[in-house]
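Values in this text are rule-based calculations from the coordinates and carry no lab data. Values in this document were obtained by computation on a predicted structure and should not be read as measured data. Here the Cβ positions follow ideal geometry from the backbone for every residue, glycine too, while neighbour counts run over all protein chains shown.
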Amino acid sequence: MNKYAKDYKINMDDDKKISVNETYLRTLEKRVDDLRTLIEVSSIISSTLDFNRLISLVMEKAKNVMNAEACSILLFNKHTNRLEFAYAISKEKSTASILKKTFSLELGQGVAGWVAQNLQTVIIEDVANDERFFKEIDRFSGFTTKSLIAVPLVGRGGLIGVAEILNPKDKPCFCHYDEELFSTLCRQITTAIENVKFYQESIEMEKVRQELEIASVLQKSFLPDSSVFKRGAIEVAAVNIPAEQVGGDIYDFLEPVEGKIGVFVGDVSGKGVSAAMYMAKIISDFRYKARLQEKPNVALGNLNDGLLKGPMGMFVTAVYIIIDVNTGVLSVSNGGHPPFLLIRDNKVEVIDIQGGPPLGIINTEYPVSSMSLNRGDRLLLITDGVFDAINRSGLRLGFDDLVDFISNLEDKNNLVDSIINYVNEYSEGTGRSDDLTLVELRYN
Amino acid sequence: MVTCTSMKIELINRNGVVVISPSGEIDMYSSPLLRKELISFTKKKISPVIVALRDVTYIDSSGIATFVEALKRMMPYNGKLKIAEIPESIMKIFNFSKLDKVFDMYESIDDAIKG
């Protein structure tokens, strides 16, 4: 007990009195102040979602309540596997900017690196006698570290970073009580950082969602204005259902020369914005290269040439049919696309013509095949999303089972609707993972 | 061995030749893992790169795109991407996509090494 401490008498009730000395009273006052600070920090955490402002306010409070010369926060970068200075305050304002620009630590490097690696709080009375201390930091910042507490910030998703408090102003080193107090503050700091990160991520997700919405509208604008196309005795109808807001399936109808129509169905590898952009390039290239071209193999070959310099992992499977609107005679070329179906006299036939590889991979020529349709014949062109549907047991529908389903349909008049209903029922509760496109060509 | 939810990758040393052996489904979720493995080979300009698909149950266009990317990365140094032990269900997907015209395919790993 401090020999200079005075005794104080406190009246509790009329008949009860207790005596405390001044040191005890000062300690109590300090603890009440500390509790007040913790409550203030709690209210700061719920008052702002601005990361820099939040960390600045919280660390300023921490520095004051700990009566320390400096404090810092290093955040763990999962991509680089290093700790990076996110915030530092000391009496020299330049210290923070020096640290942020110059320093990041490997796990295990320096005291902070050790704490991050071992997920343990350390209290060091004299860093000069601790070999974990990384002296370069002081040399660059101009700050002299004497004593410190370093606490790992561990959130629900694992390590977030490390907080350090440096050099107590009123004593040579930190004590156990300081460690408890700083650890409590650090738990609040961890919650604060997690809240801010969650908020930032939700904003980013919202931005992405909005961009996907715009991309989806743009993508739809690349497809034909109408999903139905009629010329002479030929009628073509298409249904395209993207798995995500933007998908990689394509279809197009055009009239390359008078009296003939071209029907193109394609499936770009991958999904999302990159697939949609690739799809946009393909459809604009196709419209240019298919114009005035009566041979589907030449059109596909020219399209392939233009795609060879595209992104390395991207390609498109495609089938292109050019049909005479009066005679029903058609020529067709296939680049790695699934076979199409001929529905004739209520029977289904799989048309697996000789084809070439998907477009955009290797320099090649595409074979061409010919066939004649009879009045009443229908062709069904699909993308693999139709038969790659998965059910709740994880089983894929498969091309053969899809063909069986179509073959067994008594009423094949509403073929496309029947198939979509079947695929939706098959994959009910699983969520569709691929785009789904069906194009039906009728020779009336 | 590296793993993700639907796929595992094992590297097999067959007489000094490293064979990449994925198992499970190669889809949009698992293909980045296979891509990482293949790219680590192509960066070192290794040839041939042999991939054994014996234990693969499904491959989608993202998976095929991964092989296509590796193949294109190997073209400048005349590297060979060889695919071996292809199960019937996967061969059907490759046949649909006419990928026999793109990749060198072999019945066994030994054939791929010799070929």
The alpha-carbon pair-distance distribution computed for segment A:7-200, with 5 angstrom bins and whole-percent values, is 1, 7, 15, 20, 19, 14, 9, 5, 3, 3, 2, 1, 0, 0
Along segment A:22-38, what does the Karplus equation 6.51 cos²θ - 1.76 cosθ + 1.60 (θ = phi - 60°) give for ³J(HN,Hα), rounded to whole Hz, x for Gly and Pro? 5, 4, 4, 5, 4, 4, 4, 4, 4, 5, 5, 4, 4, 4, 4, 4, 4
Whole-Hz Karplus ³J(HN,Hα) for segment A:254-259, in order, using 6.51 cos²θ - 1.76 cosθ + 1.60 and θ = phi - 60°, x for Gly and Pro? 8, 10, x, 9, 4, x
Set of lysines with alpha-carbon distance to A:Lys281 below 16 Å, sequence-local pairs under 8 removed: A:Lys220, A:Lys271, A:Lys289, A:Lys309
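If you put +1 on each Lys and Arg Cβ and -1 on each Asp and Glu Cβ, how big is the dipole of segment B:40-115 around its Cα centre, in Debye rounded to 20?
Details: 12 positive and 10 negative charges, 104 e Å.
With only Lys, Arg, Asp and Glu charged at Cβ, the dipole is about 500 debye.
Quick one: grab the alpha carbon gyration tensor of segment A:120-230, order the square roots of its eigenvalues as a ≥ b ≥ c, and give me rounded if a/c is under 1.5, else prolate or oblate depending on whether a/b is larger than b/c.
Working: a/c = 5.24, a/b = 3.33, b/c = 1.58.
Cα axes put segment A:120-230 in the prolate bin.
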Zero-based 20 Å bins, Cα pair distances in chain A, whole percents: 20, 30, 20, 20, 7, 2
Could you work out how much longer the chain between A:Arg375 and A:Thr430 gets when fully extended? Use 0.36 nm per residue separation minus the Cα distance between them, nm to one decimal. 15.8 nm
Say each of A:Arg392 and B:Asn15 gets a label point 7 Å from the Cα, pointing the same way as Cα to Cβ; how far apart are those two points in nm? 5.1 nm
Kirkwood hydrodynamic radius of segment B:2-114, Cα pairs, Å: 13.8 Å
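Hey, got a sec? Which GluC sites (Glu not before Pro) in segment B:9-115 land in a DSSP loop and have at most 15 other Cβ atoms within 10 Å? Before the final figure, lay out each step's value.
Values: sites: B:Glu10, B:Glu25, B:Glu37, B:Glu69, B:Glu85, B:Glu88, B:Glu107; in loops: B:Glu85, B:Glu107.
Sparse-neighbourhood loop GluC sites (Glu not before Pro): B:Glu107.
Distances longer than 32 Å among the Cα atoms of segment A:223-443: what percent of all pairs is that?
On the way: 3281 of 24310 pairs.
When every Cα pair of segment A:223-443 is considered, 13 percent fall beyond 32 Å.
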Once the dipole of segment A:106-209 is set up with Lys and Arg at +1 and Asp and Glu at -1 on Cβ about the Cα centre, which of A:Gly161, A:Gln200, A:Ala150 lies farthest towards its positive end? A:Gln200
Computed FRET efficiency, Cβ-Cβ of A:Asp401 and B:Asp55, R0 35 Å: what is it to the nearest 0.05? 0.90
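For the protein assembly as shown, what does the helix formula give at 222 nm: sum of -39500 (n - 2.57) over DSSP H segments with n ≥ 4, over the residue count, nearest 500 deg cm²/dmol?
Values: 15 runs with 210 residues, N = 559.
Result for the protein assembly as shown: -12000 deg cm²/dmol, rounded to the nearest 500.
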Taking the dipole of the protein assembly as shown about the Cα centre (Lys, Arg +1; Asp, Glu -1; charges at Cβ), the one of B:Ala65, A:Phe264, A:Leu415 that reaches farthest to the positive side is B:Ala65
Using Cα-Cα distances under 8 Å and only pairs 6 or more residues apart, what relative contact order does segment A:247-358 have, in percent? 24 percent
Mean other chain Cβ within 10 Å across A:342-352 is 0
Normalising by the residue count of chain A, find the relative contact order in percent from Cα pairs under 8 Å and 6+ residues apart. 11 percent
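Can you tell me the length gained on complete extension of the stretch A:Gln354 to A:Gln200, counting 0.36 nm per residue apart and subtracting the Cα distance?
Here the segment from A:Gln354 to A:Gln200 would lengthen by 50.2 nm.
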Between A:Asn413 and A:Glu40, what is the spin-label point distance in nm, taking each point 7 Å from the Cα along the Cα→C-beta axis? 8.0 nm
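For peptide B:50-62, how many partner chain Cβ atoms fall within 10 Å of a residue's Cβ, on average? Spell out each step's value before the answer.
Working: counts 0, 0, 0, 0, 0, 0, 0, 2, 4, 0, 9, 18, 6.
Rounded to a whole number, the mean comes out at 3.
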Using modelled backbone amide H atoms (1.01 Å from N, in-plane), which distant-in-sequence or interchain residues come within less than 5 Å of A:Gly328's amide H? none
So what are the ³J(HN,Hα) numbers for segment B:34-47, from phi and the Karplus equation (6.51, -1.76, 1.60; θ = phi - 60°), rounded to whole Hz, Gly and Pro as x? 5, 4, 4, 5, 5, 5, 5, 6, 5, 4, 8, 6, 6, 8
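Let me know the charge dipole size of segment A:236-363 about its Cα centre in debye, to the nearest 20, where only the beta-carbon of Lys, Arg (+1) and Asp, Glu (-1) is charged. Intermediate values should be presented prior to the final figure.
Values: 10 positive and 13 negative charges, 53 e Å.
Here the size comes out at about 260 debye.
How much length is gained on full extension from A:Glu213 to A:Lys171, taking 0.36 nm per residue of separation minus their Cα-Cα distance? If you can, show how the numbers build up before the last one.
Numbers: separation 42, 0.36 × 42 = 15.12 nm, distance 5.99 nm.
Gain in length upon complete extension: 9.1 nm.
Applying 1/(1 + (r/R0)^6) with R0 = 30 Å to the Cβ-Cβ distance of A:Leu25 and A:Ser56, what FRET efficiency is obtained, to the nearest 0.05? Present the calculation step by step, with values, prior to reporting the outcome.
Numbers: r = 33 Å, r/R0 = 1.11.
My answer for the efficiency is 0.35.
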Along the positive direction of the dipole of segment A:223-443 (beta-carbon charges: Lys, Arg +1; Asp, Glu -1; about the Cα centre), which of A:Thr364, A:Tyr320, A:Asn374 reaches farthest? A:Thr364
